[in-house]
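Structure record follows, encoded as structure tokens.
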Amino acid sequence: MKTRLKNAKSWLFVPANRPDFLAKSINYGAHVVIVDMEDAVPSDSKAQVRATLDKQLSTIKQAGQQLVLRTNTEIEQLVADLNAIDINNIDGLLLPKLHSADYLQIVGDFLSRLELHQGKALGSTALIALLESPLAVMQSAKIAKASERLACLAIGSEDLALSLGVVPTIESLQGALQQVVLAAKNAHVGMLAVAGSLAQFRDLTSYQQQVSIAANLGCTGALCIHPSQVAIVNQNYAPTAAQITWAQAVLAEVAAHPQAAVWQVDGAMVDAPVLARAQALMLATKGE
């Protein structure tokens, strides 16, 4: 389960207090639906939403949709969120405003108890760490290796920009984004971000540019706050026809001369790292 989430590209937020939105969420082509119990639900409504939360999760999960719950930040609220559900109905938790490796370990221990109690495979509930502050960015290398459950790091660009006192743009966020990308790559986990703001969800041209820039910096997927953004992410992270043709040519050349250490394709050298990139592209065409 952790591997599937690590490789997922489009992650769509859906408010937990909107059953109508939740019912439609499986129709948009998102690799992962994030049911949001944190910012999307007013404080005085959280207890009421928890009363029907598990039923909503179960319906989505039974449709075959990968499903993650964004919990509340405060530990008491997080425990209340998890006690309201059957842990078998989710694939993972998105932990917002995370800035401590210790917190990941605490949540992981609590999940282990729930898994044992509810008959789910031990360690099978993944974690995604949402980094939204300068401290979180600075601690990203430790956070990335804090738990075997961790599938992805993610950047919350709006909150991070607010903490930095800047507008969320590629210029203001690039340094932080690159630092967290390095932490994610070093720990072999996924990396979710856009190079800018998620808030202007009707400006799809800008969103596409932000997704593309983030992908070129090493991100592996992106967060979406509106269904219209999902197709942009899926298309951006899918290999192009030209890339597939190139990868096929590389693999064909290697297969034809398996004893060589270096090959040549279209006038360019192919060595081990280039071969690995071609192999990864072909795996991506299969959704792996």
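The values are calculated or read from the model by the stated rules, or taken from the named source; none is laboratory data. Being a predicted model, the structure only gives us computed values, none of them experimental. With ideal geometry, Cβ positions are generated from the backbone for all residues, glycine too; neighbour counts draw on all protein chains shown.
Go through region 68-91 and give me each residue that's assigned to a loop (DSSP other than H, G, I, E, B) and closer than 17 Å to residue 129 by Cα.
The answer is 71, 72, 73, 74, 90, 91.
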Kindly indicate whether residue 189 is within 26 Å of residue 135 (Cβ to Cβ), at pLDDT below 95 and assigned by TED's automatic domain parsing to the domain that holds residue 8. no
Odd one out for residue 108, checked against (1) buried (at least 21 other Cβ atoms within 10 Å of the Cβ); (2) touching a Gly at 6+ places or on another chain (Cβ under 9 Å): (1)
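Going by what's in this entry, would residue 51 be described as touching a helix residue (DSSP H, G or I) at 6+ places or on another chain (Cβ under 7 Å), farther than 23 Å from residue 211 by Cβ, modelled with pLDDT of 95 or more and in the same structural domain as residue 220 (by TED's automatic domain parsing)?
Working: touching a helix residue (DSSP H, G or I) at 6+ places or on another chain (Cβ under 7 Å): no; farther than 23 Å from residue 211 by Cβ: yes; modelled with pLDDT of 95 or more: yes; in the same structural domain as residue 220 (by TED's automatic domain parsing): yes.
Taking the combined requirement at face value, the residue does not satisfy it.
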Quick check, is residue 5 in a helix (DSSP H, G or I) and touching an Asp or Glu at 6+ places or on another chain (Cβ under 7 Å)? yes
Out of (1) at pLDDT 95 or above; (2) surrounded by 14 or more Cβ atoms within 10 Å (Cβ to Cβ); (3) under 22 Å from the mean Cα position of the chain (by Cα), what's the single condition that is false for residue 46? (3)
Members of region 1-32 found to be among the hydrophobic types (A, V, I, L, M, F, W, C), touching a Phe, Trp or Tyr at 6+ places or on another chain (Cβ under 8 Å) and either over 18 Å from residue 193 (Cα atoms) or free of Cβ contacts under 8 Å to residues at least 60 places away in the same chain (or both), listed by number: 14, 32
Residue 203: passes all of (1) modelled with pLDDT of 95 or more; (2) out of contact with any strand residue (DSSP E or B) (no Cβ under 6 Å at 6 or more places or on another chain) but (1)
Of (1) modelled with pLDDT of 70 or more; (2) aliphatic (A, V, I, L, M); (3) surrounded by 10 or more Cβ atoms within 10 Å (Cβ to Cβ), residue 255 satisfies all except one. Which? (3)
So which of 108, 64 is on the phi > 0 side of the Ramachandran plot and over 15 Å from the mean Cα position of the chain (by Cα)? 64
Scan region 20-30 and give yes if some residue there is under 27 Å from residue 113 (Cα atoms) and buried (at least 17 other Cβ atoms within 10 Å of the Cβ), otherwise no. no
Quick one: in region 142-167, which of the residues that are surrounded by 23 or more Cβ atoms within 10 Å (Cβ to Cβ) and in contact with an Asp or Glu (Cβ under 6 Å, 6 or more places away or on another chain) is farthest from residue 92 (Cα to Cα)? 160
With in contact (Cβ under 8 Å) with a residue 60 or more places away in the chain and either small (Gly, Ala, Ser) or under 21 Å from residue 29 (Cβ atoms) (or both) as the only criterion, which of 218, 165, 175, 190 stands out? 190
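Answer yes if at least one residue in region 50-61 is touching a residue at least 60 places away in the same chain (Cβ under 8 Å), of a type in the set (S, T, N, Q) and surrounded by 16 or more Cβ atoms within 10 Å (Cβ to Cβ), and no otherwise.
Taking region 50-61 as the starting set, the residues that turn out to be touching a residue at least 60 places away in the same chain (Cβ under 8 Å) are none.
Scanning region 50-61, I find no residue that is touching a residue at least 60 places away in the same chain (Cβ under 8 Å), of a type in the set (S, T, N, Q) and surrounded by 16 or more Cβ atoms within 10 Å (Cβ to Cβ), so the answer is no.
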Mind telling me which of the residues 44, 39 ends up being assigned by TED's automatic domain parsing to the domain that holds residue 230 and either part of a helix (DSSP H, G or I) or in contact with a helix residue (DSSP H, G or I) (Cβ under 6 Å, 6 or more places away or on another chain) (or both)? 44
Considering only region 92-210, give the helices (runs of 4 or more DSSP H) lying wholly within it that have at least 2 residues that are small (Gly, Ala, Ser). 101-118, 140-144, 157-164, 170-187
